[in-house]
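What follows is calculated from the coordinates using simple rules that are stated; it is not laboratory data. Keep in mind that what you see is a predicted model, and the values were worked out from it rather than measured. Cβ: placed from backbone, ideal geometry, glycine included. Neighbour counts: every protein chain shown.
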Amino acid sequence: MRLSVNNLACERGERRIFEGVSFTLRAGEALVITGRNGAGKSSLLEILAGRLRPAAGVILLEQAGERTLAECLHYVGHRDALKAALTAQENLAFARDFLGSPAMKPPEALEAVGLAHAARLPVAYLSAGQRRRVALARLLVAHRPLWLLDEPTSALDTASQDILRLLLEQHRGSGGMIAATTHSPLFLTDSKEIRIERRSPRVEELDEEPA
Ligand SMILES: Nc1ncnc2c1ncn2[C@@H]1O[C@H](COP(=O)(O)OP(=O)(O)OP(=O)(O)O)[C@@H](O)[C@H]1O
C-alpha cells in the first residue's frame with residue numbers, strides 16, 4: 001500500500017495556509033509533521049482524513065484493493081471524540097462495531113494502553129491523559145492501515161508515551177502507515193519528517209490583520 005500526496009494546498013477562512021506539500025508514505029513508514037503553531041499541521045491531517053477539502057493537489061492511495069482512503073484510515077484529532085456518558089469499554093465497543101474490520105476486543109485494547117482498571121468508568125470521570133489513552137485504544141479495536149494522529153502525545157505522561165511509541169512501532173512492523181503531527185520528538189525509528197511552513201501572507205492580507 002502507498003499513499004502519495006502531491007502539491008497539496010490548504011485554505012481556511014479564504015486564506016491560503018500552505019501550499020506545495022508533497023510526500024509519499026509506504027507500508028511500514030511513519031511521517032512526522034512539524035511546524036509552528038498555526039502552520040497548518042492539523043489542517044493537513046484533516047485534509048488527509050477527508051474532513052477538509054484541499055484547495056489544490058492530489059491524494060492517492062494505491063494498492064488498497066476495493067477500499068477507499070476513508071475506509072483505510074483512523075483519525076485521532078485534538079478532541080478525543082469520545083462519548084462522555086459511556087464507559088471506556090463501551091466507547092471502544094461502539095467504535096469496534098462502527099468501524100468494521102474488528103481487531104482487539106475492548107478489554108484487550110484497554111489493557112494495551114494500561115487502562116484495564118478504568119474500563120467501567122464513564123469517560124467523563126477520566127483525566128485528560130486517560131481519555132487520550134482511550135482515544136488511542138480505538139486504533140487497536142479496528143484494523144486500519146493508515147493512522148492519522150494529531151499530537152498523539154499531548155496529555156500523556158512519559159510512561160504512556162513509551163506505550164504509545166511501542167504501539168506505533170508494532171503497527172509499522174505489521175505494515176501499517178502513520179502520519180503524526182507533533183511539537184515534541186516521537187523517537188520513532190527511521191521516520192520521515194515534513195515541516196509545514198505557513199505561506200507568507202500577501203500585503204493585502206497583512207492589511208486585514210487587526211491593529
Ligand atoms: N475552521 C477554521 N476556520 C478558519 N480558519 C481556521 C479554522 N481552523 C483553523 N484555522 C486556521 O488555520 C491555520 C492553521 O491551523 P492548524 O490548526 O491547522 O495549525 P497547526 O499547525 O495544527 O497549529 P498548532 O501547532 O497550534 O496546533 C490557523 O491560522 C488557524 O487559525
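3J(HN,Hα) couplings calculated from phi for the stretch 77-86 with the Karplus curve 6.51 cos²θ - 1.76 cosθ + 1.60 (θ = phi - 60°) are, in sequence order, x, 4, 7, 6, 6, 10, 8, 4, 7, 8 Hz; Gly and Pro show x. A cut-off under 13 angstrom between Cβ atoms defines the neighbours of residue 29, and their net charge, with Lys, Arg +1 and Asp, Glu -1, is +1. Every Cα-Cα pair of the chain was included, and the share exceeding 30 Å stands at 25 percent. Helical content of the chain, expressed as a calculated mean residue ellipticity at 222 nm, amounts to -9000 deg cm²/dmol (DSSP H runs of 4 or more residues, -39,500 (n - 2.57) each, divided by residue number, nearest 500). Less than 5 angstrom separates the built amide H of residue 56 from those of 9, all sequence-distant by 5 or more or on a different chain. Counting neighbouring Cβ atoms within 10 Å and putting the fewest first, the residues 187, 18, 23, 98 line up as 98, 187, 23, 18.
Please report 72, 10 as a ranked list, fewest other C-beta atoms within 10 angstrom at the top and most at the bottom. Let's see the in-between values first.
Numbers: 72 18, 10 24.
Fewest-to-most ranking of 72, 10: 72, 10.
For the stretch 25-42, putting each phi into the Karplus relation 6.51 cos²θ - 1.76 cosθ + 1.60 with θ = phi - 60° gives couplings of 9, 10, 3, x, 9, 10, 10, 9, 9, 10, x, 5, 4, x, 5, x, 5, 5 Hz, in residue order, rounded to whole numbers and with x for Gly and Pro.
Placing dummy labels 7 Å off each Cα toward the beta-carbon, the span from residue 37 to residue 190 is 3.7 nm.
For residue 60 and residue 27 in the same chain, what is the full-extension length gain: residue separation times 0.36 nm, less their Cα-Cα distance, in nm?
That works out to 10.5 nm of additional length.
Here the contact order of the stretch 2-208, divided by its residue count and restricted to Cα pairs under 8 Å and six or more residues apart, works out to 31 percent.
How high is the FRET efficiency between residue 94 and residue 183 when r is their beta carbon distance and R₀ equals 35 Å, given to the nearest 0.05? Computed FRET efficiency for residue 94 and residue 183: 0.70.
Quick one: net charge of residue 190's neighbours, Cβ under 15 Å, K/R +1, D/E -1?
Once all neighbours under 15 Å are counted, the net charge is +1.
The rule of thumb for compact globular proteins, 2.2 N^0.38 Å, goes into the C-alpha radius of gyration of the stretch 126-184 1.07 times.
Taking 7 Å steps out from each Cα toward its Cβ at residue 6 and residue 85 produces label points 4.8 nm apart. The ranking of 75, 125 from fewest to most other beta carbons within 10 Å of each one's beta carbon is 125, 75.
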